[in-house]
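The values are calculated or read from the model by the stated rules, or taken from the named source; none is laboratory data. As the structure is a computational prediction, the values presented were derived from the model and not from experiment. Cβ placement follows ideal geometry from the backbone for every residue including glycine, while neighbour counts extend to all protein chains displayed. These area figures cover heavy atoms from the full protein model, side chains too; ligands, DNA and RNA do not enter into them. Shrake-Rupley method; radii C 1.70, N 1.55, O 1.52, S 1.80 Å.
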Amino acid sequence: MSNKPGNFNPEIHVTDYRKEFEAKRVTRDCLISIDGRKTESLNGKWHFYADPIEYLLRRGWYKESRYDDQGREKPCDYDFEAMEEIKVPATWNTERPELFLYENMGVYFRTFRYKQHEEGERVFLHFEGVAYRAYVFLNGECIAMHDGASTPFSVEVTGKLNDVNRILVGVDAKRQDDRVPMTNTDWFNYGGIYRDVYFVRTPGTFLKDWFLRLVPGSGYSEIALDFSVDGSKSGEALLTIEELGIKEKVRYEDGIGSAVIKAKPVLWSPENPKLYDVSLSIDGDELLDKIGFREFKVDGNRILLNGNEVFMKGICVHEDDVYLGKSTNECIIRETIRTVKEDLHGVFLRLAHYPHTRLFSKIADEMGVMLWEEIPVYWSIAFGNEKTYKDAENQIGELIKRDKNRASVVIWSVGNENPDTDDRFAFMSNLASYVRSVDPTRAVSAACLVDEVGEKIDDRLADKLDIIGVNEYYGWYNPDFSKLGRVLKNSNPSKPVIITEVGAGARAGNHGPSDMLWTEEFQEALYMKQVKEIGACPFIKGVSPWILYDFRAQRRFNHYQEGFNRKGLIDADKKTKKLAFKVLSDFYKTK
Ligand code: GCU
């Protein structure tokens, strides 16, 4: 007996309409490796409409059922082909002025043709980045739901395709306190399908995932391969690295294969970003990639790259552009890395506060800069919520799955500026353990806050980290600069510390005395004081000041900011350097 009244009409009375899609959640386990795999682009013009009441879901528009069960036409309020077009990939905020501050659901629609190429081929839809939750519908059926604004996801659609196919994607960009990040962030909340969309064909049995790296502690003389095969459970793979004279056959059983192979590769470093052409193949499938081999490790309170101590001369960067929002492109990435290496004399970039595009680490491999990659466990996450933990763990799992073959990625960060509570300690300790379980070859860190009461670096999470990140703004948020000296004197960390944020706001072109806030001279004077203290502290092994470019932030409204966080060493135009840029560049030249 239904407990619903006779006049219950689901189209107007249903409230828990999202529940049914939970069964279609896709996670890191569904993600397939696409590096070096042929893909077909679904980028381009999609139809789009803003759907703040989520009628796509609430009234089942995705079913496109225009007739009742007697074949009589029903009055429908939608006509997806008639909706105006929008670019994919792009953030809707920067595509439509009326959507600049829109943070609800946007619905994308397009058709695409499918023609089988090979007998037994399998087909996948693959999204590189959809902010924040994606509901994917194919020919009237929900095939995937994914959480996480900055990591990729794949969904198999083999056997679900017609000659002409209709795809609908409901993109929910809402901020929510149980999401990762939660409602309160100091960056702009863009929405949309803002990274590439692919159609991927594979053979019936295909290489799903692989990890190739130098074996830590092997004296740079062994490389390790782990790979997984989807389809037939056992067989033989071939690893080929011509330049190293490697043609290694590796058995796989139960879909899993691994090997340790003698090799003496030229080691990757920022000074010599050596990459090798690598092929991994099985019968009928082959993945190609360019891979660098290096060893990044912590030894006591030193940071070593290939056995040599390094000072992490870095800078932070957001994925933010005045015109492209959270989308980016190769030109911007190359110019960013060139600026850091050639103008700033840096070797390190902290990609804050979420996974940046896959393209960034690919280009960083090629150009030679080390990367800190991070998930947005930012400020006050719902640390006591199991669902939130699963979301965070899945995001860093998808990030590691995507970038683990990238030599430039040396640090995985599990968060930023979180309160040292018991729930947070458990949440982030578990994340750190998870990261090490899937990738023991990189350092685990987080950007922590100073214990302002005890005036020292003393975050319990440090015990779970390899490198302690510390954000400090003495001389800006805390005008008492002398406190920095006391904090450093009171601290005695047993691990390397990287100052992962430090800085001050300045409007490019705004000049005045060095004690006047928001002038370039103020920012310059602060950087002079900061680099002096940081440079003199023996346990600080790196610094990534906040931040390379001014960036959009919804909290920043004074007349110097006008909607942008102005702590950049370069204006939001990505061209105009401020006076402080040279202070940091001169400091790095001495390191
Ligand atoms: C914090 C935070 C950044 C923020 C910065 C600032 O440290 O990590 O995300 O933008 O301070 O206030 O400018």
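Quick check on segment 355-366. Is at least one of its residues more than 30 Å from residue 197 (Cβ to Cβ), surrounded by fewer than 20 Cβ atoms within 10 Å (Cβ to Cβ) and not hydroxyl-bearing (Ser, Thr, Tyr)?
Within segment 355-366, none of the residues are more than 30 Å from residue 197 (Cβ to Cβ), surrounded by fewer than 20 Cβ atoms within 10 Å (Cβ to Cβ) and not hydroxyl-bearing (Ser, Thr, Tyr).
Looking only at strands (runs of 3 or more DSSP E) that lie completely in segment 132-185, which have at least 1 residues being acidic (Asp, Glu), more than 16 Å from the ligand (Cβ to nearest atom) and within 24 Å of residue 328 (Cα to Cα)?
141-147, 164-172
So which pairs qualify, if the first residue must be in segment 565-586 and at negative phi, the second must be surrounded by fewer than 20 Cβ atoms within 10 Å (Cβ to Cβ) and among the basic types (Lys, Arg), the Cβ gap must be under 7 Å, and the two must be at least 6 apart or on different chains?
From residues that are at negative phi, the pairs are 565/556; 569/577; 570/577.
Kindly provide the set of residues from segment 284-305 that are under 25 Å from residue 38 (Cα atoms), open to solvent by 40 Å² or more (accessible area, probe 1.4 Å) and at pLDDT 95 or above, ordered by number.
Once the filter is applied, which keeps residues that are under 25 Å from residue 38 (Cα atoms), open to solvent by 40 Å² or more (accessible area, probe 1.4 Å) and at pLDDT 95 or above, segment 284-305 yields 286, 288, 290.
Filter segment 364-377 down to the residues that are in a loop (DSSP other than H, G, I, E, B), in contact with a helix residue (DSSP H, G or I) (Cβ under 6 Å, 6 or more places away or on another chain) and more than 19 Å from residue 132 (Cβ to Cβ) and list them by number.
Residue satisfying the conditions is 369 alone.
Restrict the check to segment 255-273 and report whether at least one residue is buried (at least 17 other Cβ atoms within 10 Å of the Cβ) and either out of contact with any Leu (no Cβ under 9 Å at 6 or more places or on another chain) or among the basic types (Lys, Arg) (or both).
yes
Can you tell me which residue among 551, 557 is out of contact with any strand residue (DSSP E or B) (no Cβ under 6 Å at 6 or more places or on another chain) and either of a type outside the set (A, V, I, L, M) or touching a residue at least 60 places away in the same chain (Cβ under 8 Å) (or both)?
557
Identify, by number, the condition in (1) in contact with a Phe, Trp or Tyr (Cβ under 6 Å, 6 or more places away or on another chain); (2) over 22 Å from residue 350 (Cα atoms); (3) not in a helix (DSSP H, G or I) that residue 503 doesn't meet.
(2)
Does residue 164 satisfy the condition of being at pLDDT 95 or above and surrounded by 15 or more Cβ atoms within 10 Å (Cβ to Cβ)?
Considered against the rule, which asks whether it is at pLDDT 95 or above and surrounded by 15 or more Cβ atoms within 10 Å (Cβ to Cβ), residue 164 comes out as no.
Take the residues in segment 529-548 that are small (Gly, Ala, Ser) and either open to solvent by less than 20 Å² (accessible area, probe 1.4 Å) or within 16 Å of the ligand (Cβ to nearest atom) (or both), then tell me which one is farthest from residue 582 (Cα to Cα).
Ranking the candidates gives 542 first.
For segment 80-97, which positions are open to solvent by 80 Å² or more (accessible area, probe 1.4 Å) and part of a strand (DSSP E or B)?
85, 87
With respect to residue 334, determine if the residue is in contact with a Lys or Arg (Cβ under 6 Å, 6 or more places away or on another chain), in contact (Cβ under 8 Å) with a residue 24 or more places away in the chain and open to solvent by 10 Å² or more (accessible area, probe 1.4 Å).
no
If you scan segment 212-245, which residues turn out to be surrounded by 19 or more Cβ atoms within 10 Å (Cβ to Cβ) and more than 16 Å from residue 268 (Cα to Cα)?
If the condition is that a residue be surrounded by 19 or more Cβ atoms within 10 Å (Cβ to Cβ) and more than 16 Å from residue 268 (Cα to Cα), then 225, 227, 229, 237, 239 are the ones that fit.
If I filter segment 26-47 down to residues being touching a residue at least 24 places away in the same chain (Cβ under 8 Å) and not in a loop (DSSP other than H, G, I, E, B), which single residue comes out as least open to solvent (accessible area, probe 1.4 Å)?
Result: 46.
Could you check how many residues of segment 465-498 are surrounded by fewer than 19 Cβ atoms within 10 Å (Cβ to Cβ) and among the hydrophobic types (A, V, I, L, M, F, W, C)?
The total comes to 1.
Among (1) at pLDDT 95 or above; (2) over 30 Å from the mean Cα position of the chain (by Cα); (3) surrounded by fewer than 11 Cβ atoms within 10 Å (Cβ to Cβ), there is one condition residue 23 misses while meeting the rest; what is its number?
Residue 23 satisfies every listed condition except (2).
Quick test of your reading of the structure: residue 462 fulfils all but one of (1) open to solvent by 40 Å² or more (accessible area, probe 1.4 Å); (2) in contact with a Pro (Cβ under 8 Å, 6 or more places away or on another chain); (3) without any contact (Cβ under 8 Å) to a residue 60 or more places away in the chain. Name the failing condition by number.
(1)
Across segment 368-377, what is the total count of residues that are of a type outside the set (A, V, I, L, M, F, W, C) and touching a Ser or Thr at 6+ places or on another chain (Cβ under 6 Å)?
1
I'd like the residue in segment 307-328 that is touching a strand residue (DSSP E or B) at 6+ places or on another chain (Cβ under 8 Å) and among the polar types (S, T, N, Q) and, out of all such residues, is surrounded by the most Cβ atoms within 10 Å (Cβ to Cβ).
327
Need the failing condition index for residue 366 against (1) under 21 Å from residue 188 (Cβ atoms); (2) away from the ligand (no atom under 16 Å from the Cβ), just the number.
The failed condition is (1).
Could you list, in sequence order, all residues of segment 553-565 that are within 23 Å of the chain's Cα centre (by Cα), open to solvent by 10 Å² or more (accessible area, probe 1.4 Å) and within 11 Å of the ligand (Cβ to nearest atom)?
555, 564
If you check 525, 508, which single one turns out to be away from the ligand (no atom under 14 Å from the Cβ), part of a helix (DSSP H, G or I), open to solvent by 10 Å² or more (accessible area, probe 1.4 Å) and over 27 Å from residue 494 (Cα atoms)?
After ruling out the rest, the residue left standing is 525.
Considering (1) within 19 Å of residue 323 (Cβ to Cβ); (2) in contact with a helix residue (DSSP H, G or I) (Cβ under 8 Å, 6 or more places away or on another chain); (3) surrounded by fewer than 18 Cβ atoms within 10 Å (Cβ to Cβ), say which one residue 77 fails and leave the rest.
Just one mismatch for residue 77, condition (1).
Just to be sure, is residue 213 of a type in the set (Lys, Arg) and part of a loop (DSSP other than H, G, I, E, B)?
no
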